[in-house]
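The values are calculated or read from the model by the stated rules, or taken from the named source; none is laboratory data. Note that the coordinates shown come from a computational prediction; the quantities given were computed from them, not determined experimentally. Positions of Cβ are generated from backbone atoms using ideal geometry, with glycine treated the same way; all protein chains shown enter the neighbour counts. Please note that ligands, DNA and RNA were not included when accessible areas were found on the heavy atoms of the full protein model with its side chains. Shrake-Rupley method; radii C 1.70, N 1.55, O 1.52, S 1.80 Å.
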Amino acid sequence: MPKSFNQKLKILYLMQAFMERTDREHPMSVPDFILYLEGYGISVERKTVYEDIETLRIFGMKIENRRERPSGYYLADREFSFPELKILMDAVQSSRFITERQSRELVRKLEHLTSISEAKRLQNQTSVLSGSKAVNREIYDSIQKICDAMADNRQICFNYYEWDFSRELKPKRDGARYRVSPWKMIWNNENYYLIGLDERNGIVKHYRVDKIMHVSIESQKRKGEDIFRNFDFPKYVSGTFGMFGGKEQTVKMEFENHFVGVVLDRFGQDVMLIPKDQEHFTMQARISISPQFYGWLAGLGTGAVIVSPENIRRDYISFLKKTLKNYGENSI
C-alpha cells in the first residue's frame, strides 16, 4: 500500500489503538503509539501523535493522560461500561431462544465494545451454558422478517414446530402454515415470544419465536389494530403463566403476607393488594387458566387460596386430586 495512503489512515489507526488497547489500567505512551503505527507501515513523529490525540479529543473521544504508573494516554469513556457489558453478555448466554454457536458469536461481538484487557476480564466471568439452548438456526432470519412485517404493517405465514419423543422438532398441524398478524415480540422467562392475531380464529395468541420457521411476509395488511391499539402487553404476559394459553378469567386470590414479593413479581407493581387481616391480603387479576397457573399456585402451598370464582376453585381442587392420585390413595 502506498506510504501516502497509510498516512491518511494514521488517525484512524490511532483511534483503533485507543479503543482496542487502552483503559485506565492499560494506558499507552507516545512511544507505544509510534511503535503501534509502525506495525501498519506508518512512520510518525512525537509531535504529530500529540496533535492527533488532540484532534480525537475535539472529535469527542474522552482521552485522559494518566500521570502515575502505569502512565500514558487512555480512553476514559466508552459507549458501554464494564457492568453494562457484563449484563448484556449474561443475557446473551442465558437466552434459550438462540443456539449455543450464536451465543458465542454475540459474546465475541460484545467483547469488541471494550478494550482487549477488559474483554479478557469478561471472558473469565462468562460462559455459554449448553444443554438448554435452541437448535433453530433460522432464528435471526425469523426475527428479521417478523420485524420487517410489523414495520410494513403486513401479515406473516410460518410453520410452527414442537418437540417429539425422538427429541426432534416436528411441524404442528401436519405442516400446515400459520397465518398471523404480528404486533409485538416479548422476551419472557428466557424465551422470545411473538404476540399477534391468529387469522384462522381471530384471537390473540403467542408463539415461541425459536419454534417458528420458514417465515414469509404476505401482501395482506395486518388485522387487529383496534385490539392492539391500547393492548396491555405486560398484563397479558403476567396473566399467562409460562406463556401457556388458556381461557382468560378474573380470579380473586388470598395470600399470606410474606408472599407480597412473589405476587408483585408475577403480576406487576400496579396490582392492587387489599389487606384482609394482619396475616393475609387479597388481590385479583385476569389470568389465562391453565395447568401451569395451578402448578404455580400449588407451589405456594397453604399460603395461597383461590377465593373466586367458584368454578375455578373446583377446577383447582380437581387438579390437586388428580395430581395426588399419581402417588396412590395412601398419599391422599
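Some points to look at:
- Boolean, Val237 is open to solvent by less than 50 Å² (accessible area, probe 1.4 Å), assigned to a helix (DSSP H, G or I), of a type outside the set (Ser, Thr, Tyr) and outside the structural domain of Asp315 (by the TED database): yes
- Cross-chain or 6+ apart pairs with Cβ under 9 Å, the range 82-108 first and more than 18 Å from Ile139 (Cα to Cα), then open to solvent by less than 30 Å² (accessible area, probe 1.4 Å) and modelled with pLDDT under 85: Phe82/Leu122; Leu85/Leu122; Lys86/Leu122; Lys86/Thr126; Met89/Leu122; Met89/Thr126; Asp90/Thr126
- Among the residues of the range 207-223, those that are in a strand (DSSP E or B) and either open to solvent by 70 Å² or more (accessible area, probe 1.4 Å) or modelled with pLDDT under 90 (or both) comprise Arg208, His214, Ile217, Ser219, Gln220, Lys221.
- Search result, residues across the range 73-94 that are touching a helix residue (DSSP H, G or I) at 6+ places or on another chain (Cβ under 7 Å), of a type in the set (A, V, I, L, M, F, W, C) and not in a helix (DSSP H, G or I): Leu75
- The residue of the range 35-49 that is nearest to Arg67 (Cα to Cα), among those that are more than 40 Å from the chain's Cα centre (by Cα) and either polar (S, T, N, Q) or open to solvent by less than 30 Å² (accessible area, probe 1.4 Å) (or both), is Val49.
- Which numbered condition Gln123 misses (of (1) assigned to a helix (DSSP H, G or I); (2) more than 17 Å from the chain's Cα centre (by Cα); (3) modelled with pLDDT of 80 or more; (4) surrounded by 13 or more Cβ atoms within 10 Å (Cβ to Cβ)): (3)
- Answer from Asp277, Asp232, Asp226 - the residue that is within 31 Å of the chain's Cα centre (by Cα), more than 27 Å from Glu190 (Cα to Cα), modelled with pLDDT of 80 or more and not basic (Lys, Arg): Asp226
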